[in-house]
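The values are calculated or read from the model by the stated rules, or taken from the named source; none is laboratory data. From a predicted model like this one, the values you see are computed outputs, not experimental measurements. Methodologically, a virtual Cβ is constructed for each residue, glycine included, from the backbone with ideal geometry; neighbour enumeration extends over all protein chains shown.
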Amino acid sequence: MNVLCIGAGYVGGPTMAMIAKQCPDVKVTVVDINADRIEAWKSDQLPIYEPGLLDVVKESRGRNLFFSTDVDTGIAEADMIFVSVNTPTKTFGQGAGRAADLQYWEKTARQILANSTSDKIVVEKSTLPVRTAAAMQRILDSGSGDVHFEVLSNPEFLAEGTAIADLESPDRVLIGGHDTARGQKAVQALVDLYATWVPRDRVLTTNVWSSELSKLAANAFLAQRVSSINSLSALCEATEADVAEVARAIGMDSRIGPRFLNASVGFGGSCFKKDILNLVYLCETYGLTDVADYWQQVVSMNAYQQNRFVANMISQMFNTVAGKVIAIYGFAFKADTGDTRESPAICISRQLVEERAEVVISDPQALENAEHDLSDIMDRIRLEKDPYEAARGAHAVAVLTEWDLYAELDFERVFEVMMKPAFIFDGRNCLDHKKLFDIGFNVFAVGKAALSHL
Ligand SMILES: NC(=O)c1ccc[n+]([C@@H]2O[C@H](COP(=O)([O-])OP(=O)(O)OC[C@H]3O[C@@H](n4cnc5c(N)ncnc54)[C@H](O)[C@@H]3O)[C@@H](O)[C@H]2O)c1
């Protein structure tokens, strides 16, 4: 079987590398219009940072895993086409700021139609509004009718930073197909592909619409947990309850479970906000305004948490950060990735610059993206990979990504090179606060009582 993936991004690259590794008899080609990205996939400097990914790629690259910019030939030769192009939030026209921008998606559909001379299974890998498969099918069926296209939904649940483990041993693989003979045959072909390495009882088959909606729902539920605990972190700070203790206590309830209960500066990443806004827009489109309002609040709470973090920094630092140097530890939206899309660090850095602070950003993987994200205010920002150097002369350190390396730093050394009084704002609750306080820092974490010498 020839498998093609259109879109060589954070999803297309790793998922196809895993299929190629697990199914050596299947030829897997990944295509993209971005030639630089494809060149990087062919090298040892992959275009994305993901632990363990290079080994998986190297195992199959040149054997049954290929990268190319020739989308048309790829389509012509494929039996099964995964579409994994980006589906960002629309920035213009109707639904701007909320609806999904489906222009890349639709272009791909038309390109598949134009280059197909044999039947194809087309698999939606991108996250899409529910019922997008119907639009896809209509475009694909607008040709001469000689070729049959069967559209499946197979949303991706990998998390950046743990993508390889998630792909190797997924909680579940979800496949949505139509309840027709051809639909079920296509579903079976995709089930068989995954069943090579995923236990059969973890491969779930549903109708297409349930599958499309389940991806949006899963992200909405995960983000909702983050916003729920973050909302309580504000109450903890006001009442001397400790959010970590509250999270532990409620997380031990087996009906609730312990994961996604870490209070922080908020969630980031390319998906949560985009997918919830997409859900909100869908609900509004169907006239379900109460449902839309309910989910909108998850996004609003996330913005509140970031604003609250900056407001607290300013207030603790004697109501002004103008002219002060603030070292940001971590710019990626979470640890073990270089991805900064929707990272809380973007909004926090911008607010600090607006307050006329001098911002020094440190991160082991994300400095290139940071430079791009903040290109319009780079005159007020310095990038410094070494966290000790970043802290030199700083009035405060703000930890915005939970990289392991920050917990392991020699904070006596950090304290020595900082201005006094020295402040630490731990936006990920990942440091030893008591130890920092004993060194001499004034420590402000999320959802915990301040440890201040002032
Ligand atoms: N990043 C994640 O963690 C994650 C997880 C699950 C699902 N998703 C979903 O997967 C989809 C892809 O996300 P991503 O993070 O991989 O995006 P990405 O931006 O990293 O990659 C998308 C790629 O598609 C390419 N592309 C766009 N139009 C094309 C076309 N017409 N022909 C060929 N290539 C084209 C782009 O050049 C880009 O390289 C999105 O719908 C996203 O919501 C992402």
Given the conditions (1) within 15 Å of the ligand (Cβ to nearest atom); (2) at pLDDT below 95; (3) surrounded by fewer than 17 Cβ atoms within 10 Å (Cβ to Cβ); (4) not in a helix (DSSP H, G or I), every one holds for residue 97 apart from (1)
Across (1) assigned to a loop (DSSP other than H, G, I, E, B); (2) under 23 Å from residue 444 (Cβ atoms); (3) under 21 Å from the mean Cα position of the chain (by Cα), residue 258 clears everything bar (2)
For the stretch 351-371, pairs from a residue that is closer than 26 Å to residue 161 by Cα to a residue that is assigned to a loop (DSSP other than H, G, I, E, B) and of a type in the set (Lys, Arg), with Cβ under 9 Å and 6 or more apart or across chains, are 360/392; 362/385; 363/385; 364/385; 367/385; 369/341
Counting only residues in the stretch 1-15 that are closer than 20 Å to residue 109 by Cα and under 20 Å from the mean Cα position of the chain (by Cα), the one farthest from the ligand (Cβ to nearest atom) is identified as 5
For the stretch 240-265, pairs from a residue that is among the acidic types (Asp, Glu) to a residue that is assigned to a helix (DSSP H, G or I), with Cβ under 7 Å and 6 or more apart or across chains, are 242/236
Quick check, is residue 46 within 23 Å of the chain's Cα centre (by Cα) and more than 10 Å from the ligand (Cβ to nearest atom)?
yes
Across (1) more than 16 Å from the ligand (Cβ to nearest atom); (2) of a type in the set (Lys, Arg); (3) surrounded by 19 or more Cβ atoms within 10 Å (Cβ to Cβ), residue 334 clears everything bar (1)
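Would a scan of the stretch 134-142 turn up a residue that is among the polar types (S, T, N, Q) and within 16 Å of the ligand (Cβ to nearest atom)?
no
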Note on the stretch 127-147: residues outside any loop (DSSP other than H, G, I, E, B) and small (Gly, Ala, Ser) are 133, 134, 135
Within the stretch 16-37, restricting to residues that are near the ligand (Cβ under 9 Å from one of its atoms) and either outside the structural domain of residue 159 (by TED's automatic domain parsing) or not in a loop (DSSP other than H, G, I, E, B) (or both), the one that is farthest from residue 111 (Cα to Cα) is 37
Of the candidates 285, 320, 289, the one satisfying the condition of being away from the ligand (no atom under 16 Å from the Cβ), of a type in the set (Ser, Thr, Tyr) and under 22 Å from residue 380 (Cβ atoms) is 320
- Message: Just checking, does the stretch 223-232 include any residue being within 15 Å of residue 275 (Cα to Cα), assigned by TED's automatic domain parsing to the domain that holds residue 295, at pLDDT 95 or above and in contact with a strand residue (DSSP E or B) (Cβ under 7 Å, 6 or more places away or on another chain)?
- Response: no
From the option list 85, 56, single residue qualifying as in a loop (DSSP other than H, G, I, E, B) and in the same structural domain as residue 117 (by TED's automatic domain parsing) is 85
Output for Cβ contacts, cut-off 8 Å, separation at least six or different chains, first residue more than 24 Å from residue 306 (Cβ to Cβ) in the stretch 428-440, second loosely packed, with under 13 Cβ neighbours inside 10 Å, reads 437/453; 439/412; 440/420; 440/453
